[in-house]
Amino acid sequence: MNSEQLLYELSNNLANSLKKQGKTITCAESCTGGWIAKVITDISGSSAYFQRGFVTYSNEAKHDMLGVSQHTLHKYGAVSEQVVIEMAERALVRANADFAVSVSGIAGPDGGTEVKPVGTVWFGFASKTFSIARVVTRCCLFKGDRIQIRRQAVIFSLTTLMKEIIKN
């Protein structure tokens, strides 16, 4: 199965689970640039469970659109656990959704550091069934070029949502 087929299958499984449960989802994306929202809305009827997503590529957008604290952005950097937690929490509230996924990473080819090399991607997963402090986070170090890193981040997001968060 190629990656496009995999993305479609993951999105379709997510759609079926959300429709079955009568739940909704939103996303707050940085390095994936709206790719998660695109894959979710590739499924016909997605408006039943997806009303909006947030593409917050810059720190300014993270702050303006989601309310991520300037202090958090400056202290930890955009690619951090603390930022994806705030992104997921705020997206959940602002979209009035049942589930949220947030993503912030360094897709390259430039921008990496020794501490946060190219391929570092942080994920936040929030749910109304969790308290505010119960956002699940993950960090991955993906290999490959910019497109491969971004694709892996989208696949990881959808897979983790199904296995660990939505749990159909």
query = Rounded if a/c is under 1.5, else prolate if a/b beats b/c, else oblate: with a ≥ b ≥ c from the C-alpha gyration tensor eigenvalues square-rooted, which is the chain?
reply = oblate
remark   = Here the membrane-span-like helices of the chain, with no claim about any membrane, defined by DSSP H, Cα axial extent at least 24 Å and mean Kyte-Doolittle at least -1.0, are 3-21
task = Let me know the charge dipole size of the chain about its Cα centre in debye, to the nearest 20, where only the beta-carbon of Lys, Arg (+1) and Asp, Glu (-1) is charged.
result = 420
remark   = When the charge dipole of the chain is computed with +1 at the Cβ of Lys and Arg and -1 at the Cβ of Asp and Glu, the Cα pointing farthest to the positive end, of Ile147, Ile85, Ser17, is that of Ser17
query = What value, in deg cm²/dmol to 500, does the helix sum -39500 (n - 2.57) over DSSP H runs of n ≥ 4 give at 222 nm once divided by the residues of the chain?
reply = -11500 deg cm²/dmol
key: Extension gain, His74 back to Asp42 (0.36 nm per residue minus Cα-Cα distance, nm)   = 8.0 nm
key: Percentage relative contact order, the chain, counting C-alpha pairs under 8 Å, at least six apart   = 22
request  = Any of Lys128/Lys163; Lys19/Lys128; Lys20/Lys143; Lys19/Lys163; Lys20/Lys163 with alpha carbons more than 24 Å apart? Name them for me.
outcome  = Lys20/Lys143
key: Max mean-square fluctuation residue, GNM over the chain, Cα-Cα springs under 10 Å, options Val115, Val39, Val103   = Val115
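Where a number appears in this text, it was derived from the coordinates with a stated rule and is not lab data. It should be emphasised that the depicted structure is a prediction, and the values quoted were computed from it without experimental measurement. All Cβ positions, even for glycine, are placed from backbone atoms using ideal geometry, and neighbour counts span all protein chains on display.
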